[in-house]
Amino acid sequence: MNKHNLTNQQLKDLDTLFELVSDRQLKDFGNISASNKSDGSLITSCDLWSDQTIVEALSIIAPNEGVLSEEGGKLVPKTNAYWIVDPLDGTTNFAAGIPYWSISVARFVDGTPQSSFLIIPTLKKKFVAIKGEGVWLNNKKIEANNKNQRSECVSLCSRSIKILQKNPSSIFPGKIRLLGVSSLNLTSVAMGQTFGAIESTPKIWDIAAAWLLLEELNCSIEWLEINPKNLNPEQDLQDTNFPLIAARTKEKIKVLKPWGNLLLEK
């Protein structure tokens, strides 16, 4: 096992943590109101509770490792190993009673994700990815070559859908799906449910966990503007977007690249 990997005890403690947070989110789902943050996105008391609970638990499970979270500190930690947390990715769905959201947590070592955890409470799915070792779904290892090779679907986010208006004379090369959750859009690619995804304005916490899922399942990522592998300690990521294309193969990246490039046009 890689010396940077988490211990078995840490993995057990993380399981307990994610079960606790999942249970609370399922209880609050459909029974909670949301308010607007300064950037216009929604937030609920469950987001705040989930963030605080995860961050406090990580300080015990992995002491001396920094944490960057959506509802907390937005600076890249100075520690060599650190965590990136999105306690409830898909708050709009959650608040609207749409059962698609995730708990997204990744541990970075030397600037790239070393392990990641993506939980979908309503679907009772827990993904775990470990760099160089693979991906597990509900404790069963996923084989990279088991992806559905026939998918005709492409995941877009609510902001990347504007590329269709920028190129109205061309036919988009796939059937469009919008889940409204960046982490799940990207996970759909990793699982072969879609052949690609185009994300316009994801923050680092939106993509951190799914990033490793994609890499470990031999998918491709094209960073359209900023490569998150080049982050600096204490860099403020509050207003930094990481537009990207993810696809099952490099050939599919080429198919989607002209459309992804439209995101960069002013």
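The values are calculated or read from the model by the stated rules, or taken from the named source; none is laboratory data. All of these numbers come straight from a predicted model, not from anything done at the bench. We place every Cβ from the backbone using ideal geometry, glycine too, and count neighbours over all the protein chains shown.
Taking only segment 141-162 into account, find how many residues are touching a Ser or Thr at 6+ places or on another chain (Cβ under 8 Å) and either surrounded by 16 or more Cβ atoms within 10 Å (Cβ to Cβ) or part of a helix (DSSP H, G or I) (or both).
7
Does Leu244 fit the bill of being within 11 Å of the chain's Cα centre (by Cα), under 23 Å from Val76 (Cα atoms) and crowded, with 19+ Cβ neighbours inside 10 Å?
Spelling it out, it is not the case that Leu244 is within 11 Å of the chain's Cα centre (by Cα), under 23 Å from Val76 (Cα atoms) and crowded, with 19+ Cβ neighbours inside 10 Å.
Please name all residue pairs, on different chains or six or more residues apart, with Cβ atoms under 7 Å, provided the first residue is in segment 149-161 and is in contact (Cβ under 8 Å) with a residue 40 or more places away in the chain and farther than 17 Å from Ile221 by Cβ and the second residue is of a type in the set (S, T, N, Q) and buried (at least 20 other Cβ atoms within 10 Å of the Cβ).
Sorted first by the residue in segment 149-161, then by its partner, the pairs are Ser151/Thr194; Cys153/Thr194; Arg159/Ser200.
For segment 75-102, what are the residues that are without any contact (Cβ under 8 Å) to a residue 60 or more places away in the chain, touching a strand residue (DSSP E or B) at 6+ places or on another chain (Cβ under 6 Å) and in a loop (DSSP other than H, G, I, E, B)?
Answer for segment 75-102, where residues must be without any contact (Cβ under 8 Å) to a residue 60 or more places away in the chain, touching a strand residue (DSSP E or B) at 6+ places or on another chain (Cβ under 6 Å) and in a loop (DSSP other than H, G, I, E, B): just Thr79.
Residue check: is Ser38 outside any loop (DSSP other than H, G, I, E, B) and among the hydroxyl-bearing types (Ser, Thr, Tyr)?
So Ser38 fails the test.
Residue-wise test of (1) part of a helix (DSSP H, G or I); (2) touching a residue at least 40 places away in the same chain (Cβ under 8 Å); (3) outside the structural domain of Pro77 (by TED's automatic domain parsing).
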| site | (1), (2), (3) |
| --- | --- |
| Lys12 | yes, no, no |
| Thr16 | yes, no, no |
| Val21 | yes, yes, no |
| Arg24 | yes, no, no |
| Asp51 | yes, no, no |
| Val55 | yes, no, no |
| Ser59 | yes, no, no |
| Pro63 | no, no, no |
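Surrounded by fewer than 18 Cβ atoms within 10 Å (Cβ to Cβ), more than 17 Å from Leu17 (Cα to Cα), touching a helix residue (DSSP H, G or I) at 6+ places or on another chain (Cβ under 9 Å) and in contact (Cβ under 8 Å) with a residue 24 or more places away in the chain, is that true of Gly72?
no
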